[in-house]
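Structure, as structure tokens:
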Amino acid sequence: MHLLIRFIINALAVLAISFWPWHIMGIHSDGWLPAVEVAVILGIANAIIRPILMALTCPLIILTLGIGTLFINALIFYVVGGLHWIPGFTVPGYWAAFWGSIVMTIISWLLSLIIREPEDRQPRQQTA
């Protein structure tokens, strides 16, 4: 259930980015279906490819105090959207993917705060 909620949150974030009034750096979706496809592929890429890239670039991430993670997120966003694997979804360049991934992270974080699973809302029992 948690995975399905994450996909829905990512789909809403991709829709928000692509239908933003001024299209963040040219990121565009022709409809809701390409945005959902991008969210699913991003979810899979973040589950499989991102940990491998994080492990390979661990010294760089430590050296840059975590800023390197932004570039990894942008690279994954660019590979999924910028290489035109999904018809109807356009990311014009790497910097558009960079800013789009930052905005997507913020939107998905905010939506994660609002939309929680029922077991997350249960109060924790205090032990004495």
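Readers should treat all values here as calculations from the given coordinates under stated rules, not as data from a laboratory. All of these numbers come straight from a predicted model, not from anything done at the bench. Here the Cβ positions follow ideal geometry from the backbone for every residue, glycine too, while neighbour counts run over all protein chains shown.
Relative to the Cα centre, what is the charge dipole magnitude of the chain, using +1 at the beta carbon of each Lys and Arg, -1 at the beta carbon of each Asp and Glu, and rounding to the nearest 20 debye? Each step should come with its number before you reach the end.
Working: 5 positive and 5 negative charges, 49 e Å.
Charge dipole of the chain: 240 debye, to the nearest 20.
Sort Ser112, Ser18 so the one with the fewest other Cβ atoms within 10 Å of its own Cβ comes first. Write out the running numbers ahead of the final one.
Details: Ser112 14, Ser18 24.
Lowest count first: Ser112, Ser18.
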### Query
Nearest 10 degrees, 0 to 90: what angle lies between the long axis of helix 68-81 and the longest principal axis of the chain (Cα atoms)?
60 degrees
### Query
Remind me, relative contact order of the range 2-115 in percent, using alpha carbon pairs under 8 angstrom and six or more residues apart?
33 percent
### Length released on extending from Leu83 to Leu65, taking residue separation times 0.36 nm less the Cα-Cα span
3.6 nm
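Multiplying the sequence separation of Ala45 and Ile5 by 0.36 nm and subtracting their Cα-Cα distance, what value in nm do you get? Before the final figure, lay out the partial values.
Numbers: separation 40, 0.36 × 40 = 14.40 nm, distance 1.65 nm.
Contour length minus the Cα-Cα distance gives 12.8 nm.
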## Note on the structure
Between Leu110 and Met54, Cβ-based FRET efficiency (R0 25 Å, step 0.05) works out to 0.60
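How would Leu83, Leu53, Leu110 line up from fewest to most surrounding beta-carbon atoms within 10 angstrom? Let's see the in-between values first.
On the way: Leu83 9, Leu53 18, Leu110 13.
Lowest to highest Cβ neighbour count: Leu83, Leu110, Leu53.
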### Task
Quick one, can you get me the convex hull of the C-alpha atoms of the range 1-115 expressed as volume per residue in Å³?
103 Å³
### Query
Can you tell which of Ile61, Ile17, Ile41 shows the greatest fluctuation in a Gaussian network model of the chain with Cα springs below 10 Å?
Ile61
### Message
Taking the 0 to 90 degree range and rounding to the nearest ten, how far is the long axis of helix 94-114 tilted relative to the main principal axis of the chain, both from C-alpha atoms?
### Response
30 degrees
### Query
Is it possible to state the helix-based mean residue ellipticity at 222 nm for the chain, with each DSSP H run of 4+ residues giving -39500 (n - 2.57), the sum divided by total residues, to the nearest 500 deg cm²/dmol? What is it?
-21500 deg cm²/dmol
### Task
Report the calculated FRET efficiency for Trp99 and Phe19 (r = Cβ-Cβ distance, R0 = 22 Å), to the nearest 0.05.
0.90
